[in-house]
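Take a look at the structure set out below.
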């Protein structure tokens, strides 16, 4: 049967520093020897298996130091051997980390050395010699650029386009003398407006010959002659005038086709009127 811990002493002062207890300085006891102590001299904790106490309890510094010393004496050489083994393992890990860092550093590519400046200028103008690029890569890049240029040229030749300026100046397949319309237009005023927008002189003549009214106006009061004059299409303007298009028709702003035409086209339209009236 295990012995019981010693009874607590009931003293009015600390057994170590002899300080008195009050409201702010409480009385404590060592569970190992039972002495009355202050908080400062009973702050150590340990378990007391000799009394059946297997959890850490408050003890005085004397009992704590005595217990630690007795444990060290019992271990003896074993403790020293454990400490030496732990130190050896620590040194081994440190050396392994250093070797690993050295190997990783040695695997890195060498940093190229910059040539020494010989010009003495504030902004160095010394040329740095660079290693030549592989011939295969240069040849591959040149061949790819050549193929791209050939592809772009082929695309540009296969899809010709007419700019807005060409349409307004009457440049295109219809202006070159072709008698075939560029598209199949509806035989009405809207189809004739579409042909004028495309600058299709052949299409305009074909629709006028089919009987489409040359004085057709849209909802804004813009006639076909207005539209051709705005786009500066001289041949189409003259064709509409030959088919009876009125020059006195006004749009929503009160402008006639002659007012909407550029200066050069105005001059040509006036001269045509004068020639027909002469």
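Here are a few things to note about the model shown:
Here is a yes/no grid of residues against (1) at negative phi; (2) assigned to a loop (DSSP other than H, G, I, E, B); (3) modelled with pLDDT of 90 or more; (4) surrounded by 23 or more Cβ atoms within 10 Å (Cβ to Cβ):
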{"position": "202", "(1), (2), (3), (4)": "yes, no, yes, no"}
{"position": "205", "(1), (2), (3), (4)": "yes, no, yes, no"}
{"position": "215", "(1), (2), (3), (4)": "yes, yes, no, no"}
{"position": "220", "(1), (2), (3), (4)": "yes, yes, no, no"}
{"position": "236", "(1), (2), (3), (4)": "yes, no, yes, yes"}
{"position": "244", "(1), (2), (3), (4)": "no, yes, no, no"}
{"position": "249", "(1), (2), (3), (4)": "yes, yes, no, no"}
{"position": "255", "(1), (2), (3), (4)": "yes, yes, no, no"}
{"position": "258", "(1), (2), (3), (4)": "yes, no, no, no"}
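- Only residues that are under 21 Å from residue 180 (Cβ atoms) and within 56 Å of the chain's Cα centre (by Cα) were counted in region 207-223, giving 1.
- Against the list (1) part of a helix (DSSP H, G or I); (2) surrounded by fewer than 18 Cβ atoms within 10 Å (Cβ to Cβ); (3) under 50 Å from the mean Cα position of the chain (by Cα), the condition residue 270 fails is (3).
- Of all residues in region 14-58, those satisfying the criterion of being part of a strand (DSSP E or B) and surrounded by 14 or more Cβ atoms within 10 Å (Cβ to Cβ) are 28, 29, 36, 37, 44, 46, 47, 48, 53, 57, 58.
The values are calculated or read from the model by the stated rules, or taken from the named source; none is laboratory data. Predicted model, so just to flag it, every value in this text is computed and none were measured. Don't worry about glycine lacking a Cβ; one is built from the backbone with ideal geometry, like all the others, and counts go over all protein chains shown.
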